Structure formats: structure tokens, C-alpha cells
Amino acid sequence: MKIGISITSSYQVDDVRDGAGQMIDRARAAAKAGLDSLFVGDHHVVPTPYYQNTPMMGRLLAEWDRRDAGALFLLPLWNPVLAAEQISTLACIAGGKFIMQCGLGRDEYQFNAMGANIRFRPSAFEQSLDCLRALWRGESVSLDGRWQFRDARISPLPPDRIDVWIGASAPVAIDRAARLGDAWLADPSMTLAQAAKAMDIYTAALAKHDRPTPPTIAIRRDVYVAATIDEAEKLKQDIREKGYRGFNPDALVIGDADSVAEQFRAFSQPGFTDIITRNLHRDPASAVASTERLADVIARL
């Protein structure tokens, strides 16, 4: 099983440089811990500092090497030509394979602010993905659909093929991931039991669309690797009392290195190959320490 990280992009800080600095610290810790992949997310018009994916990933790649890297793009919010150019440039910076994670997006305020219609998310997503792949192949692309443009080409082209991971949780979206994606990225709010049921939906959809099982099937987990069991139990109790992002506590991975390795290993049974971690601890030093202790988790796996 491979273990990667999606670095949190949202930080409530007094000095906005501190948030960017925390992301760099976490990427550096992930590289030192030997994680297999590095990602950042995508969100827009956020009232508190949210560091945007393309400039931040460009900076974080300076802390990385030839291991996989990528970024999430909510495709209905992006002009496909701009997204293709930005991703291709990041692929040129990356030392290894570059992965585009993608999804439909949610929250109507994002769509209103970006001049997109939330009702057209599915068709906009599919039109965008078709355009991206054609542009990355060096083709001239015109579109008269959710976007209108003519004779678009991009340069530089990606040095290698861009892998497409499609995030999905609802059955119709999982079917879309099976039909169009190189990999499925399962939702972090799923419990193990829910993820196993979703895997059954994905497997059936692959068969329906006559597609082979891909080498990568990933799930994101919000994680804290504690130094001790006592520290882990204290954090679990705090989350039970205060909540965490509306998640079922059973969807969170909290424990010492032995416990976290055991919880990760359980996801291999339904067929997941990659776990993409996200730090759930709000304290910067604790988040970095948790990432560093992922090296111990990997050793146990």
C-alpha cells in the first residue's frame, strides 16, 4: 500500500506568509518521511486564507523529488485551456509523474463567484476533461458548449502522460470515475464499511463499461499519528465533544504508529492501493510531527 499526503491549504493566521510557510514545512516533512505522493487541493473565494493550488504546488515541488505529485482541480470552475496550461507547466516542474485529481465541486457561492452555473456541473466536467486530454496531446481544440473557444493549443506540452484521478462518493459519480478516470479517489468522509460498499459500486461500474481494474484506487483519510496511545485517545475525546468537519469520527484515523498502520492495512481488503493522508491536527507543530511519524507507519506496513 502506498501512502501519500494532501497538504491542507486553509490556515487561520495573522500573517498570511505563515500559512504558506506551514505548507512548505509539511511538504518538507512529507519528503523526509518517504511518502509516495504529494498533493494540494482546490477551493475558491474563501473568507479565510486559502492558498491556491498552482502557485503553491510549484513552490512545494522544490521540496520534492521524482515521486508522484499532483493537484486537485474542480473542473467546472476552470476554463479548460487555462487549466491545461497550468497543469502542463506543473508537470514540467515535477521530477516524476504528475497527477490531476479532479471533481465536480460544490457550494453555490463558488460557482457564482467564478461565473459558472452549478446546475451544469456534470456536463461541464466531462467537456473540460475531453478538452484537457486533447490539449495535452498537442491537438487544436475548439468548443461550443459550456465554454466557447476556437483553435486552442497549448505549449509546453506535458513531458509525460497526465494521470487523471476522479474524486467521487455518490453512485452516479463513482460510475463516472469508472468510465472516465485513470483512478478513483474515494471521499474522506466514508467509514471503512461505507468505502467497502462504494468499492463494490466502482467494481461493478468498471465491468459495465468494460474497463480493467486500474493499478491505483485511492482513498483520502484525515489522520493524526500520535506519539502515544494516550495522546491519541485525548484527541479522539476532543473530537467526540467538539466534532470535526461534520465527519463521522469512525472515518478518522487517529492512533500511534502501530494503530494507524493497522487501520491503513484494513483498507487494502476492499481493494484500495493508496491512502492519501490529510493532517487533522490544527496545531502546526503537531501536524508536522504527525507527518514525520508516518515514516514509522510505512515501516510497519
For the structure I just gave you, tell me whether GLN101 is in contact with a His (Cβ under 6 Å, 6 or more places away or on another chain) and over 21 Å from GLN148 (Cβ atoms). no
Cβ pairs under 7 Å, 6+ apart or interchain, first in region 25-42 and touching a residue at least 60 places away in the same chain (Cβ under 8 Å), second surrounded by fewer than 23 Cβ atoms within 10 Å (Cβ to Cβ) and of a type in the set (Lys, Arg), ordered by first then second residue, are ASP36/LYS2; ASP36/ARG67; SER37/LYS2; SER37/ARG67
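Within region 1-19, which residues are buried (at least 18 other Cβ atoms within 10 Å of the Cβ), out of contact with any Pro (no Cβ under 6 Å at 6 or more places or on another chain) and outside any strand (DSSP E or B)? Talk me through it step by step, then tell me what you get.
Filtering region 1-19 down to residues buried (at least 18 other Cβ atoms within 10 Å of the Cβ) leaves 3-9, 11, 19.
After this cut, where a residue has to be out of contact with any Pro (no Cβ under 6 Å at 6 or more places or on another chain) as well, the list is 3-9.
Those that are buried (at least 18 other Cβ atoms within 10 Å of the Cβ), out of contact with any Pro (no Cβ under 6 Å at 6 or more places or on another chain) and outside any strand (DSSP E or B): THR8, SER9.
Do any helices (runs of 4 or more DSSP H) entirely within region 177-268 hold 2 or more residues that are polar (S, T, N, Q) and closer than 24 Å to LEU104 by Cβ, and if so, which? Walk me through how you get there before you give the answer.
Working: elements: 192-208, 229-242, 257-266.
The helices (runs of 4 or more DSSP H) meeting that bar are 192-208.
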Has region 124-135 got at least one residue that is at positive phi, more than 20 Å from the chain's Cα centre (by Cα) and not hydroxyl-bearing (Ser, Thr, Tyr)? no
Per the list (1) β-branched (Val, Ile, Thr); (2) in a helix (DSSP H, G or I); (3) out of contact with any Lys or Arg (no Cβ under 8 Å at 6 or more places or on another chain), residue check on VAL45 breaks on (2)
In region 28-42, anything in a loop (DSSP other than H, G, I, E, B) and either of a type in the set (Lys, Arg) or in contact with a Phe, Trp or Tyr (Cβ under 8 Å, 6 or more places away or on another chain) (or both) is listed as ASP42
Mind listing whichever residues of region 75-104 are closer than 30 Å to ILE3 by Cβ, in contact (Cβ under 8 Å) with a residue 40 or more places away in the chain and not in a helix (DSSP H, G or I)? TRP78, LYS97, PHE98, ILE99, MET100, GLN101, CYS102, GLY103, LEU104
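Against the condition acidic (Asp, Glu), in contact with a Lys or Arg (Cβ under 9 Å, 6 or more places away or on another chain) and surrounded by fewer than 22 Cβ atoms within 10 Å (Cβ to Cβ), how does GLU126 come out, does it pass? Walk me through it before giving the result.
Numbers: acidic (Asp, Glu): yes; in contact with a Lys or Arg (Cβ under 9 Å, 6 or more places away or on another chain): yes; surrounded by fewer than 22 Cβ atoms within 10 Å (Cβ to Cβ): yes.
Against the criterion (acidic (Asp, Glu), in contact with a Lys or Arg (Cβ under 9 Å, 6 or more places away or on another chain) and surrounded by fewer than 22 Cβ atoms within 10 Å (Cβ to Cβ)), GLU126 qualifies.
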Hey, does region 122-136 have a residue that's farther than 19 Å from ARG179 by Cβ, free of Cβ contacts under 8 Å to residues at least 12 places away in the same chain and of a type in the set (A, V, I, L, M)? no
Exactly one condition in (1) small (Gly, Ala, Ser); (2) surrounded by fewer than 18 Cβ atoms within 10 Å (Cβ to Cβ); (3) touching a strand residue (DSSP E or B) at 6+ places or on another chain (Cβ under 8 Å) is false for ALA196; which is it? (3)
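Answer yes if at least one residue in region 259-279 is more than 24 Å from GLY167 (Cβ to Cβ), surrounded by fewer than 19 Cβ atoms within 10 Å (Cβ to Cβ) and modelled with pLDDT of 95 or more, and no otherwise. Break it down stepwise before answering.
Narrowing region 259-279 to residues more than 24 Å from GLY167 (Cβ to Cβ): 259, 261-262.
Still in the running and surrounded by fewer than 19 Cβ atoms within 10 Å (Cβ to Cβ): 259, 262.
When the remaining residues are screened for being modelled with pLDDT of 95 or more, the result is 259, 262.
Yes, region 259-279 has at least one match.
Can you tell me which residues in region 151-176 are assigned to a strand (DSSP E or B), among the small types (Gly, Ala, Ser) and within 17 Å of the chain's Cα centre (by Cα)? Lay out the reasoning, then the answer.
The first filter runs over region 151-176 and keeps only residues assigned to a strand (DSSP E or B), leaving 151-152, 163-168.
Going one step further and asking which of them are among the small types (Gly, Ala, Ser), we end up with 152, 167-168.
Result: GLY167, ALA168.
Looking for whichever is within 16 Å of the chain's Cα centre (by Cα) and assigned to a helix (DSSP H, G or I) here; the options are LEU72, LEU61. Which one fits? Please lay out each step first, then the result.
Details: LEU72 fails: assigned to a helix (DSSP H, G or I).
Criteria check complete, one pass: LEU61.
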With respect to ASP182, determine if the residue is closer than 22 Å to ARG278 by Cβ and acidic (Asp, Glu). yes
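The values are calculated or read from the model by the stated rules, or taken from the named source; none is laboratory data. Values in this document were obtained by computation on a predicted structure and should not be read as measured data. Heads up, the Cβs are rebuilt from the backbone with ideal geometry, glycines too, and the neighbour counts pull from every protein chain shown.
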